[in-house]
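Peer 1: Mind looking over this structure? Questions follow.
The values are calculated or read from the model by the stated rules, or taken from the named source; none is laboratory data. These numbers were taken from a predicted model, which means no experiment stands behind them. Positions of Cβ are generated from backbone atoms using ideal geometry, with glycine treated the same way; all protein chains shown enter the neighbour counts.
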């Protein structure tokens with residue numbers, strides 16, 4: 001938790017502003033990270049579509065071949081299937097990793113938002129207390 005230096009009427013404004021700016025910067029950074037990860041997920045989904053089209057093409061190429069062609073084509077098909085499987089597994093890992101990172105970022109964002117809310121409430125309380133003190137001082141000065 002950030003500790004602020006005190007001044008006559010509360011906390012040092014520069015310390016508070018620096019902390020608020022830090023919270024805003026971190027929140028913006030998290031939002032950019034989420035956006036980047038969403039773009040990566042979309043690109044991976046597009047890549048899967050390309051692999052699926054390639055699979056359809058490869059399946060179509062298998063029809064009507066001689067024995068040697070069929071054997072060679074079968075090997076190519078198996079390689080294609082293996083490559084597609086590996087690509088899907090890799091895409092699944094990347095998507096799972098991105099989703100996991102996204103969940104962590106969202107949790108950190110929620111935590112940051114909760115901390116910011118707490119900070120605002122505490123700051124509001126301190127300011128209200130300072131205003132009460134000022135009013136008491138003014139009442140004392142009026143009595144004199």
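Peer 1: Mind telling me which of the residues 102, 115 ends up being within 30 Å of residue 134 (Cβ to Cβ), surrounded by 12 or more Cβ atoms within 10 Å (Cβ to Cβ) and touching a helix residue (DSSP H, G or I) at 6+ places or on another chain (Cβ under 9 Å)?
Peer 2: 115
Peer 1: Exactly one of (1) closer than 30 Å to residue 111 by Cβ; (2) modelled with pLDDT of 90 or more is unmet by residue 81. Its number?
Peer 2: (1)
Peer 1: Let me confirm something: among 59, 71, which residue is in contact (Cβ under 8 Å) with a residue 12 or more places away in the chain, surrounded by 11 or more Cβ atoms within 10 Å (Cβ to Cβ) and in a helix (DSSP H, G or I)?
Peer 2: Just a single option satisfies the conditions, and that option is 59.
Peer 1: A follow-up question, please. Residues in the range 117-133: is at least one over 30 Å from residue 26 (Cβ atoms), in a helix (DSSP H, G or I), modelled with pLDDT of 90 or more and over 40 Å from the mean Cα position of the chain (by Cα)?
Peer 2: Taking every residue of the range 117-133 in turn, at least one turns out to be over 30 Å from residue 26 (Cβ atoms), in a helix (DSSP H, G or I), modelled with pLDDT of 90 or more and over 40 Å from the mean Cα position of the chain (by Cα).
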